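Okay, so here's the structure we're looking at.
The values are calculated or read from the model by the stated rules, or taken from the named source; none is laboratory data. Here the structure is a predicted model, which is why all the values come from computation and not from measurement. Positions of Cβ are backbone-derived with ideal geometry, glycine not excepted, and every protein chain shown enters the neighbour counts. The protein model used for the area step is the full one, side chains on, heavy atoms only, and it has no ligands, DNA or RNA in it. Shrake-Rupley method; radii C 1.70, N 1.55, O 1.52, S 1.80 Å.
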Amino acid sequence: MPTIPARGKAANAAKNSMDEVLRLARRGAYAEARALLEPLIARHPGDVEALQLLGVITLQQGRPDLAEAELRRALALNPAHAIANSNLGLALSQMNRDAEAVEHYDRAIAADPQYIDALVNRGVALNKLKRYDEAIASQRRALELRPEHAGALSNLGMALANLNRHAEAIACYEEARRIEPQSAAAQHNLGNALLLTGEFARGWPQFAWRWLANLPRLAAEQPFWLGNDRQHGRFDLPHGVRCAINLPFWDGRATPDALLVWPEKGLGELIMFASMLEEARARVGRLTLITDPRLIPLFQRSFPQIEVITLDAAQRRSDFRWQLPMGDLCGLFRPCAADFLRQRRAYLRADPQRVAALQPELPAGRRCGLAWFSKNVLIGSHKSLGPEPIRRLLGAAGWQFVDLQYGDTREIREELRRDTGVAITRVDSVDNFHDIEGLAALIDSCDLVVTVSTATAHLAGALGKKVFLMLPHGQGRFWYWQAERDDALWYPNVRLFRQSQAGDWMAVVKQVVAALDGL
């Protein structure tokens, strides 16, 4: 979080105005605070405190780019200003300029060695830069100054988790939760860590905190969520979140009534959670699923006893008795690893006509589908392969490679063909992002899929294909690929290949190539 100073140091004539700005800022009335502060700065353009406070308000309004300019104006007047440097570091970090951010956190700490917020935020930026040992040291220094700092504990846990020190990370999250029981970050991180390590009975109740931990994003992306009250049921939402669909939550008990299940998270998770739909269908009179329109034809074919519709269609209906988000199926139907293994099977079916129609566009011989990068803004770079590991993959003998990657891959495919002499076949009749029916048919036409952690991995796994899945060491790794397994609990034919150290894809690719050669 940015630092709002305890009291401004403006000239006496502006003291009352600054006090009022601070009062407004602390209660979140940023537009009113800004309207009061801007005329004050116009009258006193050399007031460092007013300038840096304007930057903080802009940062809180979600504009780190503008906040950067305002904070740099303050630092031009006083380069050693601790709060301005720290808040500029936060603005830069929000724009994924973390190396620059660390420089300004260092300046803030040099000016004030006991500046706890700067130490905590510095640790967060170092964690994003994969400088985990330094991140741990920064959080530990903050905890020396304030042992009961829940944010430092939670962020320390994240850095430890990125070094696969999961037991220590869980201990940090639990301590942070003890100090601040309503800390969504600590509760959510604890849930992810428990699920990653296979402690499902403890992890699923924590899973509900995903809503509050991601509330700003959900407010923009999910039409289901507002900001107050509480829904009650077996799997309660955290305080402060309610569903806009006015139905009680289903608790998993058998009922003759109709259940509405609605989507959450990304395309890959929707496919993964769909593995439990038929089990839910067996306990209710009727099950209707809202899902991404791209998945509707595939789900309708694969789950003929389930009604699959769009959100718009559901909003015109009033014939449902119960509701449930897809992710809450996990706590009902997967309380332990044995439940995954009992139900692990292929459950999606590609369109056989699309499969047949694609054959003339595909190379003869053994086909290996490839997907190698993610465009996820926050963690995509941690999950993506560069050109050199892909070149090594193409060295696997006896395989014809098929492009399953979404987005424009023409440039990298041409570069790889020039360098290796191996062509990756792109089927232009299939849009790998928008045409999921076509992508499913393309995957079904391959003998094997090699992929990083994207929706393609989930789709191939749910279709029952043999999948070699390449996973990062820490950042970019998801809870649903368990830490101590080399198979996937969700899918029958997925084999996991993990980095042994952050960023080292070549070692992973060598293992994958050896496995391909072994086939």
- Task: In nm, give the distance between the simple-model label positions of Ala337 and Met95, each being 7 Å from the Cα along the Cα-to-Cβ direction.
- Result: 4.6
- Projected label distance in nm at Asn164 and Ala76, using a 7 Å step from Cα toward the beta-carbon: 5.0
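Over the chain, what is the relative contact order in percent, taking alpha-carbon pairs closer than 8 angstrom and at least six residues apart?
On the way: 930 pairs, mean separation 48.4, N = 519.
Once divided by the residue count of the chain, the mean separation gives 9 percent.
Subtracting the Cα-Cα distance from 0.36 nm times the residue separation, let me have the gained length for Gln501 to Glu174 in nm, one decimal.
On the way: separation 327, 0.36 × 327 = 117.72 nm, distance 2.62 nm.
Here the answer is 115.1 nm.
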- Task: Figure the gain on full extension for Ser429 and Asp19 (residue separation times 0.36 nm, minus the Cα-Cα span) and round it to one decimal in nm.
- Result: 141.3 nm
- Note on the structure: Note to self: C-alpha centroids of the stretch 60-74 and the stretch 330-372 sit apart, in Å, by 47
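Sorted by packing (mean other beta-carbon atoms within 10 Å per residue), highest first, where do 419-429, 503-513 land?
Values: 419-429: 14.8, 503-513: 17.5.
So the peptides 419-429, 503-513, ranked by packing, come out 503-513, 419-429.
Based on the Cβ-Cβ distance from Ala397 to Asp251, what FRET efficiency comes out when R0 is 45 Å, to the nearest 0.05? Before the final figure, lay out the partial values.
Working: r = 54 Å, r/R0 = 1.20.
After rounding to 0.05, the efficiency reads 0.25.
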- Hey, what do the phi angles of the stretch 49-59 turn into as Karplus ³J(HN,Hα) couplings, whole Hz, using 6.51/-1.76/1.60 and θ = phi - 60°, x for Gly and Pro? 5, 5, 5, 5, 5, 4, x, 4, 4, 4, 5
- Ranked highest first by average number of other Cβ atoms within 10 Å, how do 166-179, 26-39 line up? 166-179, 26-39
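Give, in nm to one decimal, the length gained when the segment between Glu414 and Arg26 is fully stretched (0.36 nm per residue of separation minus the Cα-Cα distance).
Roughly 134.2 nm would be gained on extension.
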- Tell me what the chain gives for mean residue ellipticity at 222 nm when only DSSP H runs of n ≥ 4 count, each as -39,500 (n - 2.57), the sum divided by the residue total, rounded to 500 deg cm²/dmol. -14500 deg cm²/dmol
- Derived scalar couplings ³J(HN,Hα) [the stretch 449-466; Karplus, 6.51 cos²θ - 1.76 cosθ + 1.60; whole Hz; x for Gly, Pro]: 10, 10, 8, 8, 7, 9, 4, 4, 4, 5, 5, 5, x, 5, 7, x, 6, 6
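Quick one: order Cys368, Cys336 from most to least accessible surface, probe 1.4 Å. Before the final figure, lay out the partial values.
Details: Cys368 0, Cys336 55 Å².
Most to least solvent-accessible, the answer reads Cys336, Cys368.
When ligands, DNA and RNA are left out and all protein chains stay put, how many square angstrom of accessible area per residue does the chain have with a 1.4 Å probe? Provide the component values of the computation, followed by the final result.
Working: 21700 Å² over 519 residues.
Accessible area per residue, the chain: 42 Å².
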- Under the 7 Å Cα-to-Cβ spin-label approximation, Ala69 and Glu388 lie apart by a distance in nanometres of 4.0
- Item | Whole-percent carbon and sulfur share, accessible surface of the chain, 1.4 Å | 50
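Jot down the per residue volume, in cubic angstrom and as a whole number, of the convex hull over the alpha-carbon atoms of the chain.
Taking only Cα atoms, the chain has a hull volume of 164 Å³ per residue.
How big is D, in µm² s⁻¹, for the stretch 326-412 by Stokes-Einstein at 37 °C and 0.692 mPa s if Rh is the Kirkwood radius over C-alpha pairs? Don't jump to the answer; show the numbers that get you there.
On the way: Rh = 16.9 Å.
Answer from the Stokes-Einstein relation: 194 µm²/s.
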- Message: With just the Cα atoms defining each centre, how far is the stretch 143-198 from the stretch 24-44? Give it in Å.
- Response: 36
- Tell me which residues come under 5 Å, amide H to amide H, from Arg498 once H is placed; ignore anything under 5 positions away on its chain. Leu471
- What number, in percent, do you get for the relative contact order of the stretch 71-219 if the mean sequence gap of Cα pairs under 8 Å and at least 6 apart is divided by its residue count? 13
- Note on the structure: Along principal axes, largest first, the alpha-carbon spread of the stretch 429-519 in whole Å comes out as 38, 29, 23
- Query: What ³J(HN,Hα) values, in whole Hz, does the Karplus curve 6.51 cos²θ - 1.76 cosθ + 1.60 give for the stretch 115-129 when θ = phi - 60°, with x put for Gly and Pro?
  - Reply: 7, 5, 4, 5, 5, 5, 5, 4, x, 5, 5, 5, 4, 5, 7
- Note on the structure: Using alpha carbon centers only, the stretch 376-428 is separated from the stretch 503-519 by a whole-angstrom value of 15
